[in-house]
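The values are calculated or read from the model by the stated rules, or taken from the named source; none is laboratory data. Just so you know, these numbers come straight off a predicted model, no measurement behind them. Every residue, glycine among them, receives a Cβ derived from its backbone with ideal geometry; neighbour counts consider all protein chains shown. With ligands, DNA and RNA removed, areas are computed over all heavy atoms of the protein, side chains included. Shrake-Rupley method; radii C 1.70, N 1.55, O 1.52, S 1.80 Å.
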Amino acid sequence: PTMARSKALLVLENFIGGKFVPCSSYVDSYNPSTGDVYCRVPDSGKEEVEAAVKAAKDAFPIWSSKSPLERSQILNKLADLIEHDLEAFAQAESKDQGKTITFARTVDIPRAVHNFRFFASSILHHVTECTEMPAMGCVHYTSRAPVGVAGLISPWNLPLYLLTWKIAPAIACGNTVVAKPSEMTSVTAWMMCKLLEKAGVPPGVVNVVFGTGAKAGEALVCHPDVPLISFTGSTLTAQRITEKSAPHCKRLSLELGGKNPAIIFDDADLSQCIPTTVRSSFANQGEICLCTSRIFVQRGIYSEFLKRFVAEAKKWKTGNPSDPTTDVGALITKEHLEKVRNYVKKAQAEGARVLCGEGVDPLALPPGNQKGYFMLPTVIAEVKDESCCMQEEIFGPVTCVVAFDTEEEVIKRANGVKYGLAATVWSSNVGRVHRVAHRLQSGLVWTNCWLVRDLNLPFGGMKASGIGREGAKDSYEFFTEVKTITIKH
């Protein structure tokens, strides 16, 4: 029976030097909405990473000497091929990650396509600096060159979306890459590998090694021939990456967690604010580093906000991700679901009130999803600022709502966590919006909206939310080495 079962499983292979290569050992990947193993992912280590880095190094001279226009055309072709298979990619992403098919169709895969198109275009528009020193008879200018082999480590919450957000700028700038997606969500990366040759990506330019952070990730971070690492994931893993890469003086871009506040003043337009804040709290099961998890509401509108917010949250439908009417899919793993549930239990033990969701409302699941990792959108009120539920990243469909009185007080409380990734401010007072935005310790501040992104602009966090920024100019600076050249005439 074991043989029969394993035959039905999808088995992934590493993609090294333009070829799919089998691995000697594998790890299981689960379908979060059913709790069943449905895929086997290579459990790569030093050997596989070594082969991938060698392939990337060998491909570097030819790829880096191509003109930006040639690289741009290849990136556009790859975008077209992914877009052509959008539905297959969306189905795979939803099954592998647990997210709703609607979210995968409208957010994940379109954004992955856009990532390639965006960098295919932006790479054509960079200019370098030049200054003159007539008195010295000198002219100075800068030139930028690709760095070499880029190590890219992407997370499980937005698998193809965040992987392509790294691959696109890295190869657009002329680097070659060794990427390691999360072992929990590797399928869409493997599907993308099948399109590389057709898009005209030369062998060895993009290598994908599947496996765990402890084995494959570690081998990549420690490899002496990988001068830069771009990582999205937890602050804890980033500390390890920083330590391991220090002896090699690697360049790091680290996009880490958040504990993002929404600040809602009493002059906010609640008809816009409430549906958007429900979305910013629970989209993708709350598994987005930009999700709102602390909601500060001015006391005058606190009880009205809470009543309307909870009513709106209860309308969100939790269930089978492949049903297009579902709003909340499954969480990534059984362990993660347990961890998120424990935060709710801790809040209750501390005397906070759970107003809807976990442990309060019944969760009715379709027959095929009884063993899946589901949780209802959960709203907690009366949580103390020092509670772990207000301090730590929960990364699930849980948000905490508390009252505040003054602008001065709420800025201090919003800044009172170790993270500083994103914040939202809701007010119709333009002066206040600017004042508050300036004083929040946060890499991104949205006012009267959420997750409106212009990829030209810097993306990244402060404090424990990361190091470095990514965007048109920022990614270009990260993925290239600058040189100053002085000519005396």
Quiz item: Expressed as a whole number of Å, what is the distance separating the alpha-carbon centroids of the stretch 271-343 and the stretch 165-194?
Solution: 30 Å
Quiz item: Hey, can you rank 200-210, 377-387, 310-320 by average C-beta count inside 10 Å, highest first?
Solution: 200-210, 377-387, 310-320
Quiz prompt | Placed amide H near ILE295: partners under 5 Å, 5+ positions off or other chain | solution = ALA262, CYS400, VAL401, VAL402
Quiz item: Accessible area per residue, 1.4 Å probe, Å², for the chain: what's the number?
Solution: 41 Å²
Quiz item: Given C-alpha coordinates of the chain, what is the ratio Rg to Rh with the Kirkwood estimate of Rh?
Solution: 0.99
Quiz prompt | Positive-end extreme of charge dipole, the stretch 234-320 - chosen from ALA246, ILE263, CYS291 (charges on Cβ) | solution = ALA246
Self-check item: By accessible area with a 1.4 Å probe, ligands and nucleic acids excluded, highest first: order of VAL445, VAL49
Solution: VAL445, VAL49
Exercise. Rank HIS336, THR325, GLN370 by how far each Cα sits towards the positive end of the charge dipole of the stretch 261-447 (+1 on Lys, Arg Cβ; -1 on Asp, Glu Cβ) and give me just the farthest.
Key: GLN370
Quiz item: How do the peptides 84-97, 430-443 rank, highest first, by the average count of neighbouring beta carbon atoms within 10 Å per residue?
Solution: 84-97, 430-443
Exercise. Per DSSP H run of n ≥ 4, the term is -39500 (n - 2.57); total these for the chain, divide by its residue number, and report the mean residue ellipticity at 222 nm rounded to 500 deg cm²/dmol.
Key: -11500 deg cm²/dmol
Quiz item: What does the charge dipole of the chain about its Cα centre add up to, to the nearest 20 debye, if the Cβ of each Lys and Arg holds +1 and the Cβ of each Asp and Glu holds -1?
Solution: 280 debye
Quiz item: Taking every DSSP beta bridge that has both residues in the stretch 261-390, what percent is antiparallel when rounded to the nearest 5?
Solution: 40 percent
Quiz item: Treating the beta-carbon of each Lys and Arg as +1 and of each Asp and Glu as -1, no other charges, what is the dipole magnitude of the stretch 261-447 about its Cα centre, to the nearest 20 debye?
Solution: 200 debye
Quiz item: Roughly to the nearest percent, how much of the accessible area of the chain is carbon and sulfur, given a 1.4 Å probe?
Solution: 56 percent
Quiz prompt | FRET efficiency estimate (nearest 0.05) - Cβ-Cβ, LYS46 to PHE20, R0 30 angstrom | solution = 0.90
Self-check item: Protection proxy ranking of 125-137, 284-296, 222-234, 346-358 - average other beta-carbon atoms within 10 Å, highest first
Solution: 284-296, 222-234, 346-358, 125-137
Quiz item: Under 16 Å Cα-Cα from LYS166, which lysines qualify once same-chain neighbours fewer than 8 residues away are excluded?
Solution: LYS180, LYS473
